Structures are given as structure tokens and as C-alpha cells.
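Read the structure below first, then the notes.
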Ligand SMILES: CC(C)(COP(=O)(O)OP(=O)(O)OC[C@H]1O[C@@H](n2cnc3c(N)ncnc32)[C@H](O)[C@@H]1OP(=O)(O)O)[C@@H](O)C(=O)NCCC(=O)NCCS
């Protein structure tokens, strides 16, 4: 990750927390990337005792007993396309805020890293949470920087995430993706979409080659992602209620000409 960008973002978040919580001085913010589990020839190895993570609000996973099952629940298509012979790794990115004698957990993000049968390596974002007390301070953008760095260091070809269009926090969750050149992605099916009319927006960040998509809104406005992501953000913000529901469709354009494919490093089980 570009260290200067990370430090600048962290400083901005600290300023916002100081202002919203009326603190006498700037709090200190720390993020850590922890390898929680991986599978290898010996089977699944876990570093985190199940149940130790206690910061998630009701309705969200705070512990996993079967990481592959969670991937199946959340990313039905990636799970079906995954090469079961290849090792996977699960990371927990944690976020802590310290001020004076107090250090609290302010949020976290779970990432699942696996390999498809095509050889492409992916990072699927399982859950992102910022605790209520620390919301609207840009912390999900800070977590996003860690997420991108982790996927890059794990040699991933792409990061995949999705958001429900009726999530009341839709803008706060999609904007950090768009600012980090994620593309809105067509043709992905979430398990629930097979039974309902949809209501999900899927995104990918490709490291190389970059693939562009067209995003068409219900009012007919059309933008190219990721090059016009700033315009997409501006357009989304003109809709007061459930902006994600204003996206009519997304069309793929394929790999951008001239981009060279990245070599994939795959760790095979022996
Ligand atoms: C979704 C969630 C993680 C967002 O976290 P957050 O740290 O409060 O996010 P913020 O509100 O600070 O917004 C993140 C970015 O979006 C921008 N943004 C959000 N709403 C905006 C608006 N109306 N106009 C302009 N920018 C906006 C912020 O400015 C920030 O960008 P920046 O860091 O570049 O300044 C948090 O609300 C949460 O945990 N919700 C419950 C769980 C959840 O829904 N998780 C997602 C499941 S997929």
C-alpha cells in the first residue's frame, strides 16, 4: 500500500473521531491483518479461538466454524468455481482506537482468499463492520486500504464484494470501493438472487488486466467504471433514498486493450 496515503487517511479519521467525540487530543488508530485460518495437507489450521471476536452487532457473524461454508453462503458462484484442491486462507483485519487509557475495538473485516479452477486467485470480502460509535469518520475507507494491500500481497487477481441495495449504509460502503477503482460487475449471481428479483450490487477490483464495465441508471445515464467512478459516486448521491436501487444494469466490456495479464502464483496441496 502507498504508506503516505494510509497515514493521511488515518490522520483524517482521527481528526473526525476527535471532533465527533469531543476529545481533547487525537486518538491513535491501529489496523492489523491477522491470518486466522488456512488449510494445507494436514487439514484446516485455525489461530483464533472461535468465539473470541465479540464486536459484531446482532445479525452478523462474529465467529466462523466453517470458513468454506460461509463463502458458499455469501459467494455462491465463487464457491462453485473454486478449486477445492487449492489451499485457502482466511484473514481478519482489525481496527482499534486508543485514547488515553482506553483502547477499543472499532471494527473489523473478514477476507477469504482462494483459487478458482481457472487459476485466478480471489479475495472475497465476507463482512465489514465499523462500530456505531465510530461511524461516519471514514474508518471503512481505512479498512479498504488494508483490504487492497492484503489482496495485493497475497497475489490475488481480483477482490470481490457485494452490497444489498436496501442497506441503509449503502453510500458509506460502496464509496470506498469506487474510490479504490472497483468496477461494478455484471453477471454475478448471489444465492438469494436465484429466488428473488435481486437487490444486490456486485463489485470487483482487478489488479491486472483492468476490465471496464458500463453502469446504466434507471434515468438512462450511463457511466464507465472504473474510469468514471467519481461521476458514479456523484450521481448515486443525487438520490436520497436507496441510491443502489437506481442502477438499472451493468454491462461488461472485457479486458482493456494493452493490459498485460498478471502471472498467478498458486500454492498447490501436495
Ligand atoms: C457500512 C459501514 C461499514 C460504513 O462505515 P463508516 O466508517 O461509518 O463509513 P463512512 O460513513 O465514514 O463512509 C465511508 C466513505 O463514504 C463517504 N460517504 C458516505 N456517505 C456519503 C455521502 N452521503 N456523501 C458523500 N460521501 C459519503 C465518506 O465520506 C467516506 O469517504 P472518505 O473516507 O473518502 O471521506 C458501517 O456503517 C457499518 O458497519 N454498518 C453496519 C454493517 C454493514 O452494513 N456492513 C456492510 C455490509 S456489506
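The values are calculated or read from the model by the stated rules, or taken from the named source; none is laboratory data. Owing to the predicted nature of the structure, the values given are computational and were not obtained by experimental measurement. Ideal geometry is used to build each Cβ from the backbone, glycine not excepted, and the neighbour counts take in all protein chains shown.
To keep it simple, each residue is scored yes or no on (1) at pLDDT 80 or above; (2) closer than 13 Å to residue 99 by Cβ.
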residue: 5; (1), (2): yes, no
residue: 17; (1), (2): yes, yes
residue: 27; (1), (2): yes, yes
residue: 33; (1), (2): yes, no
residue: 38; (1), (2): no, no
residue: 48; (1), (2): no, no
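From 143, 150, 92, which residue is closer than 27 Å to residue 246 by Cα and either within 16 Å of the ligand (Cβ to nearest atom) or assigned to a helix (DSSP H, G or I) (or both)? Don't jump to the end; show me each part of the working.
Values: 150 fails: closer than 27 Å to residue 246 by Cα; 92 fails: closer than 27 Å to residue 246 by Cα.
So the residue among 143, 150, 92 that is closer than 27 Å to residue 246 by Cα and either within 16 Å of the ligand (Cβ to nearest atom) or assigned to a helix (DSSP H, G or I) (or both) is 143.
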Contacts under 6 angstrom Cβ, first residue in region 1-25 being touching a residue at least 60 places away in the same chain (Cβ under 8 Å), partner away from the ligand (no atom under 15 Å from the Cβ) and outside any loop (DSSP other than H, G, I, E, B), 6 or more apart: 1/149; 23/99
Of all residues in region 153-169 being in contact with a helix residue (DSSP H, G or I) (Cβ under 7 Å, 6 or more places away or on another chain) and under 15 Å from residue 206 (Cα atoms), the one that is nearest to the ligand (Cβ to nearest atom): 161
Candidate set: region 105-133, residues that are within 16 Å of the ligand (Cβ to nearest atom) and not in a strand (DSSP E or B); chosen: the one nearest to residue 86 (Cα to Cα): 131
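Kindly establish whether residue 150 is in contact with a helix residue (DSSP H, G or I) (Cβ under 6 Å, 6 or more places away or on another chain) and under 30 Å from residue 97 (Cβ atoms). Give the steps one after another, and end with the answer.
Values: in contact with a helix residue (DSSP H, G or I) (Cβ under 6 Å, 6 or more places away or on another chain): no; under 30 Å from residue 97 (Cβ atoms): yes.
For residue 150, the condition - in contact with a helix residue (DSSP H, G or I) (Cβ under 6 Å, 6 or more places away or on another chain) and under 30 Å from residue 97 (Cβ atoms) - is not met.
From 189, 218, which residue is out of contact with any strand residue (DSSP E or B) (no Cβ under 6 Å at 6 or more places or on another chain), more than 11 Å from the ligand (Cβ to nearest atom) and farther than 24 Å from residue 143 by Cβ?
From the options 189, 218, the qualifying one is 189.
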